[in-house]
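No lab work stands behind these numbers, since they all come straight from the coordinates. Being a predicted model, the structure only gives us computed values, none of them experimental. Positions of Cβ are backbone-derived with ideal geometry, glycine not excepted, and every protein chain shown enters the neighbour counts.
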Amino acid sequence: MYYAVVAYIIYSVYLFLRNLGKPRRKPQEPARLSGVMVKDEACQTYLPRNEALRDVIDGREYFFCSKDCRQKFLEERKRSAPR
Ligand SMILES: [Zn+2]
C-alpha cells in the first residue's frame with residue numbers, strides 16, 4: 001500500500017515535469033471574428049474586420065476597405081514623414 005502511494009506520487013511528478021517540457025502553444029486567433037469592426041485609416045470608414053485588408057506598418061496594425069485605400073494611406077504617410 002505504501003509503495004503504491006509513492007509510485008503514484010512519482011508518476012504524478014513525472015507527468016508534471018513532462019508537461020513543463022512541452023512548448024506552450026498560443027491559442028490560435030479565430031480566422032473569422034464576426035462583429036469586430038475596424039477603421040479604415042484612409043477613408044475613415046468602419047468595416048467588419050474579416051472583410052478588411054490588414055497591414056502592419058512600423059509595428060502598428062492598420063485596416064483598409066480596399067487596395068486603393070491602402071495605397072492612398074501609404075502615400076499620405078510618405079508625404080507627411082519623408083524619409
Ligand atoms: Zn477605404
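For the reader, a short list of remarks on this structure follows.
- Label-point separation, Tyr14 to Arg60 (7 Å along Cα→Cβ), nm: 5.5 nm
- Cβ crowding within 10 Å, taken as a proxy for footprinting-reagent exposure, orders Lys39, Lys67 from fewest neighbours to most as Lys67, Lys39.
- Gain on full stretching of the segment that runs from Cys43 to Lys22 - 0.36 nm per residue minus C-alpha separation: 3.0 nm
- FRET efficiency for the Val36 to Arg79 pair, using the beta carbon distance and R₀ = 25 Å, is estimated at 0.25.
- Rh by Kirkwood over Cα pairs, then Stokes-Einstein D for the range 32-83 at 0.692 mPa s and 37 °C, µm²/s: 289 µm²/s
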